[in-house]
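Heads up: the structure comes next, in structure tokens.
What follows is calculated from the coordinates using simple rules that are stated; it is not laboratory data. What you are looking at is a predicted structure, and each value in this text was computed from that prediction instead of being measured. With ideal geometry, Cβ positions are generated from the backbone for all residues, glycine too; neighbour counts draw on all protein chains shown.
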């Protein structure tokens, strides 16, 4: 008999499961704390549970971890794990330590069906969605393993921020994503605030609207282009949900968001989307008058090249000039510091191992590389 994986449940689901075993509701809260706050996987260690319940759970349930296939540590302290999720698929998870925070980048799918041109995961194609337990197992293992390594006490969190920016499009796995987010936010679980949990999406408009109602956490949108023709090529999902619909969804999301702005991710591609004219188009896109304006900040991401993309990284001075146009237009703009690129753990580099069941990777190989002439630059690419 296959045992029930308790990582698949948020607190409400675990309560229903325990009630089905004839147990009172408070037992679920105790069990939930043991699993997520203490990292326990052995029921015999859960000493404040009745022995009869521990014995019952041992026969029908388990806390099922993911097998670690590899672990790589970058020179900057970034850690990347490759987890086996079965069926020939493996996903990657990245921990990024900083002075004031510890961020975990979590995967939601084995592969990705969106097929963004600059993303290594997208070039691999798509195999399947991860279950709630597989999403949470990445956080569960990373938090408690790192806590043990660093000698942190039970109440000393290592991971203070979670970003759903690993492999996959989280909003295309909505049913498994939301219970996982609830566990991250629950005070009996990981106790993270909604401002410290970020879902990154390429623009699945209907699910952005659902998340706004169900569980509005911080939102990051993978934008990468200021107009529909270019974004159609770089982010194929744009053909289904074009920019006018995406911007309207962002405005709606802000009605409930824990932050008063949307973060727009923008991968800087040399000669493709990085001219001053592109930057001015972005300003026009987000700075519409009145109800059309989208309060936001831009996070410019230096492209991390991989052979299949055929794309190259924008030079540093071009990124600086691009950022200045946005800043001068009144939009907060940062340039993401590249972390973990020596272990292929930087943004856009996560690949894992994917059994492509959609032949997305094969189709992408046949697509032409977008070539967009940069607008004339009277400053020769330098910031002024």
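Expressed to the nearest 5 percent, the antiparallel share of DSSP beta bridges inside segment 73-211 is 75 percent.
Expressed to the nearest 5 percent, the antiparallel share of DSSP beta bridges inside segment 67-365 is 50 percent.
With R₀ set to 25 Å, the beta-carbon distance separating residue 306 from residue 84 gives a calculated FRET efficiency near 0.65.
Beta bridges from DSSP with both residues in segment 214-313: antiparallel share about 15 percent, rounded to the nearest 5.
Full extension of the segment from residue 209 to residue 260, taken as 0.36 nm per residue of separation minus the current Cα-Cα distance, would add 16.7 nm. Round to a whole angstrom and tell me the spacing of the C-alpha centers of segment 151-188 and segment 68-116. What the calculation gives is 13 Å, centre to centre.
The residues 183, 217, when put in order of fewest to most other Cβ atoms within 10 Å, stand as 217, 183. From least to most packed, judged by other beta carbons within 10 angstrom and beginning with the fewest, 282, 69 follow the order 69, 282. Would you work out if segment 67-365 is rounded, prolate or oblate? Take a ≥ b ≥ c from the square roots of the eigenvalues of the alpha-carbon gyration tensor; rounded if a/c is under 1.5, else prolate when a/b is larger than b/c, oblate otherwise. In terms of gyration-tensor shape, rounded.
Going from the fewest other Cβ atoms within 10 Å to the most, the residues 246, 150, 300 appear in the order 150, 300, 246.
Here segment 4-62 was treated as a single set of alpha-carbon atoms; its pair distances binned every 10 Å from 0 give 24, 68, 8 percent. Build a GNM of the chain with springs between Cα atoms under 10 Å apart, and of 114, 319, 60 the one that fluctuates most is 60.
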